[in-house]
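Quick notes on the structure that follows.
Throughout, read-outs are computed from the coordinates displayed, never taken from laboratory work. The shown structure was predicted, so the numbers you read here are calculated from the model rather than taken from an experiment. Neighbour counts are summed over all protein chains in view; Cβ atoms, including those assigned to glycine, are modelled from backbone coordinates with ideal geometry.
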Amino acid sequence: DKEKYKLFWNGKKTAKNGVGIFVKKPLAQEVLDIKRINSRLMWIKLRLEKQTMITFSAYAPQSGESEEMKNDFWAAFSDIISTKPKSETILIGGDLNGHV
């Protein structure tokens, strides 16, 4: 029996960057909100029984990218994380070390 998933994606098909989150089909109906910040950062909010969970997908700039790009990424990431209520569970996934 194949399990089915829904992909929430942010990026361009021809771009080298992009982030996505796979969610199992039944759980995909519980998505309350989606925020696509840029081609390196997005989050979805899921309803899980009596709580909500925010899942981040992040792709940090590679080590050879400019310091400005790296600083912009980490500033955006920090700003977004800091606005989330402490009552919500946060899950962070992706490539955060920039060594691809």
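Looking at the stretch 15-30, can you tell me whether even one residue there is of a type in the set (Asp, Glu) and surrounded by fewer than 13 Cβ atoms within 10 Å (Cβ to Cβ)?
Checked the stretch 15-30: no residue is of a type in the set (Asp, Glu) and surrounded by fewer than 13 Cβ atoms within 10 Å (Cβ to Cβ).
Hand me the list of strands (runs of 3 or more DSSP E) wholly inside the stretch 1-77 holding 2 or more residues that are among the aliphatic types (A, V, I, L, M).
Hits in the stretch 1-77: 18-24, 31-38, 41-48, 51-59.
Has the stretch 78-95 got any residue that is in contact with a Phe, Trp or Tyr (Cβ under 8 Å, 6 or more places away or on another chain), at positive phi and surrounded by 14 or more Cβ atoms within 10 Å (Cβ to Cβ)? Don't jump to the end; show me each part of the working.
Within the stretch 78-95, the first condition is being in contact with a Phe, Trp or Tyr (Cβ under 8 Å, 6 or more places away or on another chain), and the residues that meet it are 80-81, 90-95.
Now drop any that are not at positive phi, which leaves 94.
If we keep only those that are surrounded by 14 or more Cβ atoms within 10 Å (Cβ to Cβ) as well, we get 94.
Yes, the stretch 78-95 contains a residue that is in contact with a Phe, Trp or Tyr (Cβ under 8 Å, 6 or more places away or on another chain), at positive phi and surrounded by 14 or more Cβ atoms within 10 Å (Cβ to Cβ).
Go through the stretch 49-58 and give me each residue that's farther than 13 Å from Ile92 by Cβ and either of a type in the set (Phe, Trp, Tyr) or touching a residue at least 24 places away in the same chain (Cβ under 8 Å) (or both).
Correct list: Gln51, Thr52.
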